[in-house]
Amino acid sequence: MKKATLILSSLLISGSALAHDGLKYDEPYARATPPNAVNSAVFMTIENHMNKDRELVSASTDVAEKTELHTVEKEGDLMKMRQVDRIVLPAEGEVVLKPGSYHIMLLGVKQPLVEGETISVNLSYANGETETLDVPVKKVMSGMKHEHEHNDDHSHH
Ligand SMILES: [Cu+2]
């Protein structure tokens, strides 16, 4: 089911609207790319207001050759990106897509993403539902190199 793209630009900051399917998309943005960059990423917070888990299983956008769901995991002292086949949105909970964590990876960006533009991103869920988001492009200062180091004392063995 494909939803008509919202052309009304007054709805640009529509992240606070509760979608029909009980999901709420807060402050989505795509990272602006310098002229020679080939990759970018989309971030947002997704709230699940329903009483059962939802699973984001894929994303797509016309501005990139390929779109993947990624997470970032610590390997020794390195932060490494890894593709995941789904991002689970826990019932009555939320997942934060942010630098250094889950993100929607845009591979092979066809042209630079310029701050102020808006890209259209389609999200597909395991139950067959889809959602189309208008995602503004923003400059993000923090790169992977400047990833915030958390002093995480508890280990996960
Ligand atoms: Cu990635």
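Some observations on this one:
- Among 31, 82, a tally of other beta-carbon atoms within 10 Å of each Cβ gives an order, fewest to most, of 82, 31.
- Environment charge at residue 126 (Cβ cut-off 15 Å; Lys +1, Arg +1, Asp -1, Glu -1): -3
- Distant-in-sequence amide H partners of residue 54 (H built 1.01 Å from N, under 5 Å): 89, 91
- In this simple spin-label approximation, residue 84 and residue 127 carry label points 7 Å from Cα along the Cα→Cβ vector, and these lie 2.0 nm apart.
- Calculated from backbone phi, Karplus (6.51, -1.76, 1.60) coupling profile of the stretch 119-136 in Hz, x at Gly/Pro: 10, 9, 10, 9, 10, 10, 10, 4, 7, x, 6, 10, 9, 10, 10, 8, 10, x
- Among the listed pairs 74/138; 24/52; 52/138; 52/80; 98/138; 66/138, a Cα-Cα separation exceeding 22 Å is found for 74/138; 52/138; 52/80.
- The stretch 47-86 shape via C-alpha gyration tensor axes, a/c threshold 1.5: oblate
- Approximating the spin labels as points 7 Å out from Cα along Cα→Cβ, the residue 75-to-residue 21 distance works out to 3.2 nm.
- Cβ-Cβ FRET estimate between residue 49 and residue 140, R0 fixed at 35 Å, reported to 0.05: 0.80
- In summary, the aspartates and glutamates within cross-link reach of residue 139, defined as a Cα separation below 19 angstrom excluding same-chain residues under 8 places away, comprise 26, 27, 115, 117, 147.
None of the figures in this text is laboratory data; all of them are computed from the coordinates on show. Just so you know, these numbers come straight off a predicted model, no measurement behind them. Quick reminder, even Gly has a Cβ in these numbers, built from the backbone with ideal geometry, and neighbours come from all protein chains shown.
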